[in-house]
Amino acid sequence: MARYATILGTGHYLPENEITNATFAEWMGAVSPKLAEVVGKFEASSGIKTRFYAPDDWATSDLAVEAGKKALEDAGISPEQVDLVLVGTDSPDYITPATSVVVQHKLGCVNAGTWDIGCACASFPTGLAQAAGMIASNPNLKYILVIGAYMMHKLADVKHDITAFFYGDGAGAAVVGVSDKPGFVSCSIKADGSYHKHWGIYSGGTYEPATVESVEAGRTKVKLLTPFPPTVNHEGWPARARECAANGGFKIEDVDFVIFTQVNVNSIKLVMENLGLPIERAHWVMDKWGYTGSACLPIAFDDARKLGKIKSGDLVLFVGSGVGYNQAATAYIMP
């Protein structure tokens with residue numbers, strides 16, 4: 001009998017501490033009146049109106065666990081049944097060990113192996129592709145939990161750095177399991193490491209171990225050093241979508257729904273127009289939850305599912321891009 005990978009359940013979690021644009025503008029106004037004005041410009045260009053922060057004593061793994069619980073409940077399976085836990089994040093609990101082992105322990109997935117996926121916003125579509133490949137090639141695997149989680153606000157100077165406008169905390173998850181009907185269709189994965197010095201946390205690893213001087217200079221915090229050109233997403237997203245379609249033997253017009261990285265609503269509209277797809281086949285959540293980085297695709301996907309926008313039999317395309325940069329697209333047919 002044929003053995004396919006499909007998405008059996010999803011879930012997402014947002015913390016309760018809301019930081020509105022008005023609050024963020026107050027923070028920036030204390031630094032400079034000009035920065036306060038930029039908040040309004042960022043809202044107009046991105047569509048972001050608010051964001052949510054986790055409690056100070058939480059780590060990224062805590063967000064991941066909450067989303068994982070909801071996805072497991074939606075799929076109707078217990079933590080003990082999970083064979084693999086894959087966690088995509090670029091705001092890990094530690095440099096080492098992996099955040100996925102912390103999630104495995106906290107969630108009670110005692111029989112599962114784990115690994116982290118470090119592709120920023122491309123992590124979730126990458127994880128969906130990895131899960132499908134593991135199920136296809138390992139008959140002993142039945143359930144894989146794929147989680148995207150993000151707590152970048154704790155690694156940013158939120159009250160002084162205007163770029164922190166974008167960062168919201170959250171997590172989303174999906175259970176990928178075995179099916180006798182096709183689920184996973186294809187993927188497209190590409191990177192361009194020439195952008196690795198544009199946006200990141202550049203002190204605290206082996207390139208520059210953390211020192212008193214680097215901490216005081218703010219180099220252990222996330223920084224945007226050089227803006228990415230708009231073409232990275234505006235050309236990269238359509239390219240990944242079309243390559244995914246070519247790899248899967250379907251046409252772009254066959255796609256019923258697209259989930260993109262949730263950083264800019266205008267980018268989503270431009271790319272949907274580029275692809276020739278009606279905007280109704282896309283979904284965005286940055287207006288109500290901010291940019292949740294590695295978590296934004298699974299959060300938007302679960303929200304669209306729960307709103308009834310995605311139905312059984314739909315061909316769904318996940319297109320993500322993250323700092324570095326990494327880009328990935330993955331196509332699934334919904335069960």
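With respect to (1) out of contact with any Phe, Trp or Tyr (no Cβ under 7 Å at 6 or more places or on another chain); (2) more than 20 Å from A173 (Cβ to Cβ); (3) in contact (Cβ under 8 Å) with a residue 24 or more places away in the chain, the lone exception for K34 is condition (3).
Filtered by the rule that a residue be assigned to a helix (DSSP H, G or I), buried (at least 24 other Cβ atoms within 10 Å of the Cβ) and among the hydrophobic types (A, V, I, L, M, F, W, C), the stretch 42-64 gives L63, A64.
Take the residues in the stretch 69-113 that are among the hydroxyl-bearing types (S, T, Y) and not in a helix (DSSP H, G or I), then tell me which one is nearest to W199 (Cα to Cα). Checked the stretch 69-113; the qualifying residue nearest to W199 (Cα to Cα) is S91. Taken together, the residues in the stretch 238-254 that are closer than 18 Å to I189 by Cβ, out of contact with any Gly (no Cβ under 9 Å at 6 or more places or on another chain) and not small (G, A, S) amount to 6.
In the stretch 189-210, the qualifying residues are those that are surrounded by 15 or more Cβ atoms within 10 Å (Cβ to Cβ) and not aliphatic (A, V, I, L, M), and the one that is nearest to C244 (Cα to Cα) is K190.
Scanning the stretch 67-96 for residues that are crowded, with 24+ Cβ neighbours inside 10 Å and within 17 Å of the chain's Cα centre (by Cα) yields A67, G68, A71, V85, L86, V87, G88, T89, D90, S91.
Can you find a residue that is under 22 Å from V146 (Cα atoms), in contact with a Lys or Arg (Cβ under 6 Å, 6 or more places away or on another chain) and surrounded by 15 or more Cβ atoms within 10 Å (Cβ to Cβ) anywhere in the stretch 299-306? Within the stretch 299-306 (the criterion being under 22 Å from V146 (Cα atoms), in contact with a Lys or Arg (Cβ under 6 Å, 6 or more places away or on another chain) and surrounded by 15 or more Cβ atoms within 10 Å (Cβ to Cβ)), the answer is no, since none of the residues qualifies. Among the listed residues L145, L141, L128, which satisfies the condition of being hydrophobic (A, V, I, L, M, F, W, C), over 18 Å from the mean Cα position of the chain (by Cα) and farther than 30 Å from S32 by Cα? Just a single option satisfies the conditions, and that option is L141.
For E18, the requirement of being more than 30 Å from V178 (Cα to Cα), over 17 Å from the mean Cα position of the chain (by Cα) and either hydrophobic (A, V, I, L, M, F, W, C) or not in a loop (DSSP other than H, G, I, E, B) (or both) is met.
Collect the residues in the stretch 134-154 that are in contact (Cβ under 8 Å) with a residue 24 or more places away in the chain, of a type outside the set (S, T, Y) and more than 18 Å from L14 (Cα to Cα), keeping them in residue-number order.
M134, I135, A136, P139, N140, L141, K142, I144, L145
Each reported figure results from applying straightforward, stated rules to the coordinates on display, with no laboratory input. Note that the structure is a prediction, hence the values are computed from the model and not measured. As a convention, Cβ positions derive from the backbone with ideal geometry for all residues, glycine included, and neighbour counts pool all protein chains shown.
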